């Protein structure tokens with residue numbers, strides 16, 4: 001052409017139709033460059049879309065944003081971010097999507113399971129599966145390589161429940177820790193720990209749910225409490241502890257009828273309550289929300305002298321489930337814990353009865 005050069009090719013567009021594409025330039029090289037750049041722009045999707053050459057980190061960022069838009073529970077979202085940012089991105093973030101082969105991904109998960117545990121590796125597998133699903137949706141990969149990656153097996157221990165004597169030992173140890181026989185210096189120890197543990201034993205609720213209970217949720221005259229929220233952390237820096245107005249997994253609110261001991265304990269606390277901005281029943285000594293991590297640390301200190309430091313609030317929840325199951329059946333235990341599916345309660349919360357029934361009289365018939 002006069003006054004310049006022209007580069008031309010035939011290009012198959014995303015709609016499947018092949019078209020003639022032309023670009024011009026002051027030189028043959030400039031024309032070819034202009035044509036190449038145009039085809040790259042024409043082939044690549046717009047915005048934050050991915051290609052096979054994109055690093056895995058870019059796909060992880062898009063997946064996290066996609067999960068954020070799905071309005072997941074804040075604790076779930078925070079855990080996804082922790083695993084993605086602390087484990088997946090440092091190890092695989094710079095790897096291109098096309099380089100993410102099944103052997104490479106399996107080797108990574110195997111090493112991660114060995115260094116941090118199977119539970120973290122399993123969550124990392126979830127992050128990677130979602131990440132490569134995003135990549136396939138954006139046309140960067142033809143299929144999700146995680147489909148062929150072996151699963152991560154988490155060896156679960158059978159649920160363990162405390163005996164009545166062990167529960168009594170726990171309560172005695174906490175009482176002794178809160179009111180030591182000898183005088184001690186420093187700040188007085190929190191007087192709410194035993195009450196909080198008694199509340200969990202009276203309801204079987206999660207520790208974060210117990211800490212979120214407000215006086216507005218309690219009817220002392222009827223002797224009931226409605227479990228309608230849980231404590232969680234925001235994603236701000238630094239994070240802020242707050243009460244969310246729904247239970248884990250957005251489960252339905254559940255109302256418990258309390259044992260008399262719990263009613264008496266709450267009545268006493270109500271009489272002596274100073275009030276707090278959150279209206280919670282179990283605040284810190286300064287009236288703020290009480291973080292469950294701090295409760296676990298305090299409980300461990302209280303139980304250490306009695307060599308019961310291995311007992312956690314979740315162990316108490318399992319104990320409640322097991323006792324209710326023995327007296328009232330698995331359905332009642334599931335309802336107490338707020339589970340819709342009995343199998344979850346049976347698999348993770350109820351201690352199995354390892355003592356077979358006494359059927360000697362029946363079996364004696366074989367030898368008569």
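The values are calculated or read from the model by the stated rules, or taken from the named source; none is laboratory data. Being a predicted model, the structure only gives us computed values, none of them experimental. We place every Cβ from the backbone using ideal geometry, glycine too, and count neighbours over all the protein chains shown.
Can you tell which of 31, 73 is surrounded by 14 or more Cβ atoms within 10 Å (Cβ to Cβ), modelled with pLDDT under 85 and over 30 Å from residue 111 (Cα atoms)? It is 31.
Might you let me know whether the range 216-228 holds any residue that is assigned to a helix (DSSP H, G or I), in contact with a strand residue (DSSP E or B) (Cβ under 6 Å, 6 or more places away or on another chain), surrounded by 15 or more Cβ atoms within 10 Å (Cβ to Cβ) and outside the structural domain of residue 68 (by TED's automatic domain parsing)? Scanning the range 216-228 turns up at least one residue that is assigned to a helix (DSSP H, G or I), in contact with a strand residue (DSSP E or B) (Cβ under 6 Å, 6 or more places away or on another chain), surrounded by 15 or more Cβ atoms within 10 Å (Cβ to Cβ) and outside the structural domain of residue 68 (by TED's automatic domain parsing). When the range 64-76 is filtered for residues that are part of a helix (DSSP H, G or I), touching a helix residue (DSSP H, G or I) at 6+ places or on another chain (Cβ under 9 Å) and free of Cβ contacts under 8 Å to residues at least 12 places away in the same chain, the ones remaining, listed by number, are 68, 76. The condition (being under 30 Å from residue 242 (Cα atoms), touching a helix residue (DSSP H, G or I) at 6+ places or on another chain (Cβ under 7 Å) and modelled with pLDDT of 90 or more) is satisfied by just one residue among 84, 59: 84.
Within the span defined as the range 302-323, one or more residues are closer than 30 Å to residue 234 by Cβ and without any contact (Cβ under 8 Å) to a residue 60 or more places away in the chain.
When the residues of the range 253-277 are filtered to those that are assigned to a loop (DSSP other than H, G, I, E, B) and touching a residue at least 40 places away in the same chain (Cβ under 8 Å), the one that is surrounded by the most Cβ atoms within 10 Å (Cβ to Cβ) is 258. Against the condition surrounded by 14 or more Cβ atoms within 10 Å (Cβ to Cβ) and at positive phi, how does residue 291 come out, does it pass? Answer is no for this residue.
When the range 77-99 is filtered for residues that are assigned to a helix (DSSP H, G or I), in contact with a strand residue (DSSP E or B) (Cβ under 8 Å, 6 or more places away or on another chain) and surrounded by fewer than 20 Cβ atoms within 10 Å (Cβ to Cβ), only 78 remains. Just checking, does the range 326-339 include any residue being modelled with pLDDT of 90 or more, surrounded by fewer than 21 Cβ atoms within 10 Å (Cβ to Cβ) and within 29 Å of residue 173 (Cα to Cα)? Scanning the range 326-339 turns up at least one residue that is modelled with pLDDT of 90 or more, surrounded by fewer than 21 Cβ atoms within 10 Å (Cβ to Cβ) and within 29 Å of residue 173 (Cα to Cα).
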